[in-house]
C-alpha cells in the first residue's frame, strides 16, 4: 500500500486539482444563458460519437473528427458574452480574491433606506458593487460620489425627481452614481408580473457579482437578486437577515450577529412617517 501511494500520489493530487478546476468552472458558467446550449451540444456530440463507434460509421467518425476543432473555435466566438460573464465570476470567486467586510453602519443605513422606500411605496433599484466593476453601467448614468444615507436615497428615487429613473450604484459603501441603465435579462420570466426593475436586477447580477435590491412601486415589496436569482416580497426581518448574511458570511463566532444589530424599527424620524405618494 505504501509503495502504491508513493508511486501514484502525484496522480491523486492531479485528479483533485483537475476536479476542483472543473467544479469552479461549472459554478461560474452554470447560471449563464449559453450553459444549457453548451450542454445540449455536448450531449449531441457524445451521442453521435458513441453511435459512430458502436456501428462503425466511418464517414460520421471522419466528420466528427474534422469538425471538433472548428466547432470549438465557433463556440468561443458565438458564446463570447457568456464566456466573459463566467470568467468574471470565476475571477471574483472567494478562492481567487479576498473579500473586504462591509461596514455595519452602512448596512444599517442601507436597510433603513430600503425599508423607508418600501413603506412609502416609492420604486427603487440599487446595485451594490462587489469585486466585478460596474463602471460600464456607471458610465450610463450620473456620477455622484456621495455618502449614502436614507435621505439621499429618498431624494434620488422620489417620483419625478431628475434621477429617479434607472438604478443607483453603490461602491465602497458610497453612492457612485444614479440614473444608471442596467442590462435587462433575456431569460423568459414565468411570472408575467415581473417588472422592468426586477428584470434589470436579474440581468445585472447575471453578468456581474453585484447584489441588486428592488423596491416595487406598485406594492412596496422588497426583492434581493444575487447571481441571477431573485427573492421577492421579503419581510423586514427577512430582508435584514438576508442582506446581513450576504455581506457577513463567514464571520467569527465571537462577533455580534449583524442581523440583530440591523433590527432597527423606524428608518426615519416620525416626522417622515407621512405617506409621500398616494397608494
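Considering only residues that are surrounded by fewer than 15 Cβ atoms within 10 Å (Cβ to Cβ) and assigned to a helix (DSSP H, G or I), look in segment 28-37 and name the one that is modelled with the highest pLDDT.
The residue in question is 37.
Could you go through segment 46-55 and let me know if any residue there is in a helix (DSSP H, G or I), loosely packed, with under 10 Cβ neighbours inside 10 Å and modelled with pLDDT of 70 or more. Working first, answer last.
We begin by selecting, within segment 46-55, every residue in a helix (DSSP H, G or I); these are 46-54.
Narrowing further to those that are loosely packed, with under 10 Cβ neighbours inside 10 Å: 54.
Within this subset, residues satisfying the condition of being modelled with pLDDT of 70 or more are 54.
Within segment 46-55 (the criterion being in a helix (DSSP H, G or I), loosely packed, with under 10 Cβ neighbours inside 10 Å and modelled with pLDDT of 70 or more), the answer is yes, since at least one residue qualifies.
Is there a residue being touching a strand residue (DSSP E or B) at 6+ places or on another chain (Cβ under 6 Å), part of a loop (DSSP other than H, G, I, E, B) and modelled with pLDDT of 90 or more anywhere in segment 173-182?
Of all residues in segment 173-182, those touching a strand residue (DSSP E or B) at 6+ places or on another chain (Cβ under 6 Å) come to 175-180, 182.
If we keep only those that are part of a loop (DSSP other than H, G, I, E, B) too, we end up with 182.
Within this subset, residues satisfying the condition of being modelled with pLDDT of 90 or more are 182.
Among the residues of segment 173-182, at least one is touching a strand residue (DSSP E or B) at 6+ places or on another chain (Cβ under 6 Å), part of a loop (DSSP other than H, G, I, E, B) and modelled with pLDDT of 90 or more, which makes the answer yes.
Enumerate the helices (runs of 4 or more DSSP H) found wholly within segment 57-166, keeping only those where 1 or more residues are surrounded by fewer than 17 Cβ atoms within 10 Å (Cβ to Cβ) and modelled with pLDDT of 90 or more. Quick ask: steps written out before the conclusion?
Working: elements: 58-78, 80-91, 104-120, 135-138, 150-157.
In segment 57-166, 135-138, 150-157 are the helices (runs of 4 or more DSSP H) which contain 1 or more residues that are surrounded by fewer than 17 Cβ atoms within 10 Å (Cβ to Cβ) and modelled with pLDDT of 90 or more.
When segment 121-169 is examined, which residues are found to be under 18 Å from residue 220 (Cα atoms) and out of contact with any helix residue (DSSP H, G or I) (no Cβ under 8 Å at 6 or more places or on another chain)?
121, 151, 155, 156, 158, 159, 160, 165, 166, listed by residue number.
Taking segment 227-248 on its own, how many of its residues are buried (at least 19 other Cβ atoms within 10 Å of the Cβ), over 17 Å from residue 112 (Cβ atoms) and touching a strand residue (DSSP E or B) at 6+ places or on another chain (Cβ under 8 Å)?
Qualifying residue count for the region: 1.
The values are calculated or read from the model by the stated rules, or taken from the named source; none is laboratory data. These figures come from a predicted structure and were not determined experimentally. Heads up, the Cβs are rebuilt from the backbone with ideal geometry, glycines too, and the neighbour counts pull from every protein chain shown.
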